Amino acid sequence: MLLACPKHMEYGPCGGVEFDGTCEVAPHRCVFLDLPTVRWHGIASAEPPGHSDPVPAAPVSSGAIEMRELMAARPIVVADFPARALDARSIEECAGILAGSVDAVLAGDAGSARVQFPPAYRASLVQAAGLQVWTGLNCRDRNRVAMEGELAALAHVGVAGVHCVTGDHTNTGQRPDATPVFDLDSTEAASLARANGHLVSVAEAPATPPVERRPDRLLEKFRAGAEVCFVNHAGGAAPVAAFVARAQDLGAAMAFIPCIPIVVDRESAELLRTFTTLVLPEGYLERILAAGDPFTEGIAAAVELGLEMLEIDGVAGVNLSGGAGPGREAWFAEALATISRGLVPAQHPSDRPEWST
C-alpha cells in the first residue's frame, strides 16, 4: 500500500477520502477502503544503528504535564490559531488576544498557507505571549529525522501537546511545486512523538469513508501512543457521541475533543467549506449567514453546539475550528476568545454571555 497510496501511508486511510470513496489527490478509489484495518505493528526501521555520540534521553514536555493535569480537572478549550503565516507581529497580536481565554491554541498549517515558521519557533513566539501551544506536526514536509529534531525542540519549548497528522498532499493548496515527503504517517508519527516526551493527539473523521471502520482505525492510533483524539466535523453532537461510544467500546481509552465550526462571516464560512468531507449540523451555516448580525449569531451557535459536545461522555474539551480572511485575524481571535468564555464560564464568571445560559 505504501506505493499505491499517494501519501505512502501504511496505516491508512487518511481523512482525505471523498464521500464517493475516491482519493483527494488521485482519480482512483482509496486503496485502503477494500482492506482490513491495518493493525499497529510499529515503525519500520525505528531502531537507529549505534552511534559514537548517542543522543540524550528525551525530556518530558513541561506543558504536557500541565495539560494532563488540567484535562483531569475540567474541560478545556483549544482554538485554531488564526495568525498570518510568517508574520511574527500577527502571531504576537493574536496570542495576546487569546491568552487567558483559551487553554491552548492548535497551531498547524492550512491549505491557504503551506509555508510556516518551523513548529518549535512558532511555538516559542506564541508562548512568549503567555499562551500555551498544541503544535500540529505534519508528515508531508519532513522526514523522520527532521521530525525527531522538531519533537526534541518542542519538548524543550514545553508545548502542551503535539497533534500528529499525515498532512494534506502538496497537490492541494498553494504549493503544488513542492515535493511531498510522507516518510511516516500520522499513526507512526504519534508513536514517535510519544517516545519523545509529548502528550500526543491525532485526528479522526467519523463522517469520512470508511465510516464504519473509523473507530477501529482510531484504536490503532491509540495503541501507537495517542492519548487524545480531535474529532473532525461530523454533523453535530449525536454523531460525535456515537463515534466516541463505539471507539470506547473497542478499547480506545482516550480523551476526545470534538471540533466546533466557527463561522462569523461569509469568509469564515467559505474557509470551512474547503475542508474535505465537511459535515456540519443541519441548518448551521444558514442560520448564521441569514442573521442580521452573523458575528453575534455565529458566536451564539458555537457556544450552543460546544455545550452540547461537552455533555458527551468521554469528551474532555472542544476545539474551536476555523479561520479568518486576510487582515481579519485579530478580529477572528476576538470571536474565539468570546466563545471560549461562554463555554467555560467558571473561568470567567463575570464575562459569561447572556445567550449562553
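General observations
- Every condition in (1) touching a Pro at 6+ places or on another chain (Cβ under 9 Å); (2) modelled with pLDDT under 95 is met by V159 except one, and the failing one is (2).
- When R328 is tested against (1) over 19 Å from the mean Cα position of the chain (by Cα); (2) more than 30 Å from A73 (Cβ to Cβ); (3) without any contact (Cβ under 8 Å) to a residue 60 or more places away in the chain, only condition (3) is not met.
- So R246, is it outside any strand (DSSP E or B), farther than 29 Å from A224 by Cα and among the basic types (K, R): no
- Qualifying positions in segment 23-41 - buried (at least 16 other Cβ atoms within 10 Å of the Cβ) and either outside any loop (DSSP other than H, G, I, E, B) or free of Cβ contacts under 8 Å to residues at least 24 places away in the same chain (or both): C23
- Any hit, segment 265-272, residues being of a type outside the set (S, T, Y), touching a strand residue (DSSP E or B) at 6+ places or on another chain (Cβ under 9 Å), at pLDDT 95 or above and assigned to a helix (DSSP H, G or I): no
Condition check ((1) among the aliphatic types (A, V, I, L, M); (2) at pLDDT 95 or above; (3) not in a loop (DSSP other than H, G, I, E, B)) across all residues:
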residue: A291; (1), (2), (3): yes, yes, no
residue: F295; (1), (2), (3): no, yes, yes
residue: G306; (1), (2), (3): no, yes, yes
residue: D313; (1), (2), (3): no, yes, no
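- Top-ranked residue in segment 179-235 [being without any contact (Cβ under 8 Å) to a residue 40 or more places away in the chain and in contact with a Pro (Cβ under 7 Å, 6 or more places away or on another chain); ranked as surrounded by the most Cβ atoms within 10 Å (Cβ to Cβ)]: V231
- I260 fulfils the conditions (1) without any contact (Cβ under 8 Å) to a residue 24 or more places away in the chain; (2) in a strand (DSSP E or B) except for a single criterion, (1).
- Positions within segment 98-125 being surrounded by fewer than 23 Cβ atoms within 10 Å (Cβ to Cβ) and either in a strand (DSSP E or B) or hydrophobic (A, V, I, L, M, F, W, C) (or both), in sequence order: A99, A110, A113, V115, F117, A120, L125
- For segment 164-198, the set of residues classified as at pLDDT 95 or above and among the basic types (K, R) consists of R194 only.
- Each residue in segment 71-84 was checked for being assigned to a helix (DSSP H, G or I) and surrounded by 17 or more Cβ atoms within 10 Å (Cβ to Cβ), and 1 pass.
- Flag for D87 being among the charged types (D, E, K, R) and buried (at least 21 other Cβ atoms within 10 Å of the Cβ): no
- Taking (1) part of a helix (DSSP H, G or I); (2) farther than 30 Å from A190 by Cβ; (3) modelled with pLDDT of 95 or more; (4) among the hydrophobic types (A, V, I, L, M, F, W, C) in turn, F332 satisfies each apart from (2).
- Verdict on S186 being under 23 Å from F256 (Cα atoms), among the polar types (S, T, N, Q) and touching a Cys at 6+ places or on another chain (Cβ under 7 Å): yes
- Tally, over segment 199-243, of residues that are among the small types (G, A, S), assigned to a loop (DSSP other than H, G, I, E, B) and out of contact with any strand residue (DSSP E or B) (no Cβ under 6 Å at 6 or more places or on another chain): 5
The values are calculated or read from the model by the stated rules, or taken from the named source; none is laboratory data. Small disclaimer: the values here were computed from a predicted structure and weren't measured. Glycine gets a Cβ as well: all are built from the backbone with ideal geometry, and neighbour counts include every protein chain shown.
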